[in-house]
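Before any comments, here is the structure.
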Amino acid sequence: MLIPEGSYLVGPLTFKGQCAGKVKFQLNGNLLASTNIDDFAPENANGTMKNWVEFKYVDGLNITGGGVLDGQGASAWPYNNCTVEKHCTRLPITLVLSFVTSGSVSGISSIDSKFFHMVVYGCKEMTIDSVTIRAPHDSPNTDGIHIGASSVVSVLSSTIGTGDDCISIGPDVTNVTITNVTCGPGHGISVGSLGQGLNDKHVEGLTVTKCTFNRSDNGVRIKTWQTSVSSPIAAHFLFQDMTMINVRNPIIIDQRYCPNSHCNATEPSKVQIKDVKFRDFRGTSSSKAAISLVCSEWYPCQDIELSNIALDYNVAAAVLPRQQSLPREAEAVLRDAALRLASGRHASGRCSLPRQ
């Protein structure tokens with residue numbers, strides 16, 4: 001299927017398999033999502049709106065090209081109250097890949113999604129390579145890539161800047177590789193939140209390497225609900241060779257996550273975090289506490305390693321609003337500092353928390 005050069009205004013699109021052979025979706029033009037929110041009205045009583053572009057049960061799917069998915073999200077963001085309302089109506093996701101095996105997405109761009117930009121759910125052997133994802137820093141719930149209930153997923157050589165997580169990893173995910181991703185603005189690369197769902201399953205086997213975070217709220221983060229209703233395990237994670245440029249929380253484990261204040265503070269998280277390695281971090285933090293490890297009182301973190309961490313506190317960055325960019329000359333200085341740190345001309349420390 002070919003989308004030629006040009007701009008096309010379209011409503012919800014669903015491509016559903018099974019298909020006789022491999023499917024190639026060549027996006028050379030620009031697709032613009034409808035700004036009429038009624039076009040995405042829920043089909044059923046659960047209040048979930050239709051997604052914009054969705055591929056289901058299409059094995060061997062290849063989405064490629066230099067085109068753009070423009071969600072025109074500014075028209076829908078005023079309807080998003082999920083940051084304050086527990087039972088909110090989820091807005092349309094730009095691109096959904098569900099129950100796809102041996103698929104790939106490469107070269108395309110996604111801008112200004114109404115909700116999440118891209119969701120990978122129930123998939124196996126998926127590769128996302130050289131994509132660009134952009135939304136304003138204050139756009140609500142515009143996660144770049146969300147991965148859930150999937151295995152063997154790779155995100156490579158991509159640039160993501162949004163109003164929420166650059167990449168988020170939900171329950172029931174195994175063997176994910178993230179390499180050479182640039183994140184910012186946004187909330188970083190996050191595992192979780194875990195423990196909110198009654199049937200949340202384990203997250204195991206995550207490798208994140210050679211990524212750069214530029215003025216994001218977080219670098220790498222693991223978050224679990226303070227009042228969790230399930231007890232999944234988050235284990236066997238490696239975060240290595242990371243560059244931080246004025247990141248507020250470069251390394252964070254938060255087992256008291258409760259964004260809507262609907263948690264029982266007397267009941268700690270039941271999610272077990274273990275075997276997590278943070279290695280070779282360099283750059284600058286915009287907060288004095290570059291590392292925050294808040295673990296569960298009932299299920300303490302096990303085998304957490306911090307090795308060769310070289311992060312400087314940048315006072316100048318701390319006083320700037322998150323959306324305000326530093327002057328180009330200052331950014332150049334910070335990049336030079338990060339390169340000096342990478343070359344080893346900076347003291348570093350090692351901290352290991354042994355198994356309880």
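The values are calculated or read from the model by the stated rules, or taken from the named source; none is laboratory data. All of these numbers come straight from a predicted model, not from anything done at the bench. Here Cβ is always computed from backbone atoms with ideal geometry, including for glycine, and neighbour counts include all displayed protein chains.
Taken together, VAL23, VAL53 contain a single residue that is in contact (Cβ under 8 Å) with a residue 40 or more places away in the chain, of a type outside the set (Ser, Thr, Tyr) and surrounded by 11 or more Cβ atoms within 10 Å (Cβ to Cβ), which is VAL53. In the set (1) surrounded by 24 or more Cβ atoms within 10 Å (Cβ to Cβ); (2) closer than 25 Å to GLY17 by Cβ, the condition left unmet by ILE160 is number (2). For ARG282, state whether it is buried (at least 24 other Cβ atoms within 10 Å of the Cβ), at positive phi and in contact (Cβ under 8 Å) with a residue 60 or more places away in the chain. No.
Report yes if ASP138 is crowded, with 24+ Cβ neighbours inside 10 Å, of a type in the set (D, E, K, R) and under 18 Å from the mean Cα position of the chain (by Cα), otherwise no. Spelling it out, it is not the case that ASP138 is crowded, with 24+ Cβ neighbours inside 10 Å, of a type in the set (D, E, K, R) and under 18 Å from the mean Cα position of the chain (by Cα).
In region 147-217, counting only strands (runs of 3 or more DSSP E) that sit wholly within it, the ones holding 1 or more residues that are at positive phi span 151-156, 173-179, 189-194, 203-214.
Inside region 193-238, can you point out the residues that are surrounded by 24 or more Cβ atoms within 10 Å (Cβ to Cβ), among the aromatic types (Phe, Trp, Tyr) and at pLDDT 95 or above? PHE213 - this is the single residue of region 193-238 that is surrounded by 24 or more Cβ atoms within 10 Å (Cβ to Cβ), among the aromatic types (Phe, Trp, Tyr) and at pLDDT 95 or above.
The set of residues in region 119-164 being hydroxyl-bearing (Ser, Thr, Tyr) and out of contact with any His (no Cβ under 9 Å at 6 or more places or on another chain) consists of THR127, SER130, THR132, SER139, SER150, SER151, SER154, SER157, SER158, THR159. Collect the residues in region 256-273 that are surrounded by 19 or more Cβ atoms within 10 Å (Cβ to Cβ) and either among the hydrophobic types (A, V, I, L, M, F, W, C) or closer than 25 Å to VAL181 by Cβ (or both), keeping them in residue-number order. The answer is TYR257, VAL271, ILE273.
Would you mention how many residues in region 93-125 are polar (S, T, N, Q) and in contact with a Phe, Trp or Tyr (Cβ under 7 Å, 6 or more places away or on another chain)?
2
So is PRO42 outside the structural domain of ASN260 (by TED's automatic domain parsing), of a type outside the set (A, V, I, L, M, F, W, C) and buried (at least 23 other Cβ atoms within 10 Å of the Cβ) or not? No, not satisfied. Quick check on ALA337: is it modelled with pLDDT of 55 or more, over 25 Å from the mean Cα position of the chain (by Cα) and not in a loop (DSSP other than H, G, I, E, B)? It is false that ALA337 is modelled with pLDDT of 55 or more, over 25 Å from the mean Cα position of the chain (by Cα) and not in a loop (DSSP other than H, G, I, E, B).
Looking at region 219-315, the strands (runs of 3 or more DSSP E) lying wholly inside it that each contain 1 or more residues that are of a type in the set (Asp, Glu) sit at 233-247, 249-257, 272-285, 302-313. If you go through region 110-146 and keep only what is charged (D, E, K, R), under 18 Å from ILE189 (Cβ atoms) and in a strand (DSSP E or B), you end up with ASP129, ARG134. Cβ separations smaller than 6 Å between residues 6+ apart or across chains give the following pairs from region 159-185 residues that are more than 19 Å from ARG215 (Cβ to Cβ) to residues that are in a loop (DSSP other than H, G, I, E, B) and among the small types (Gly, Ala, Ser): ASP172/ALA149; VAL173/SER150.
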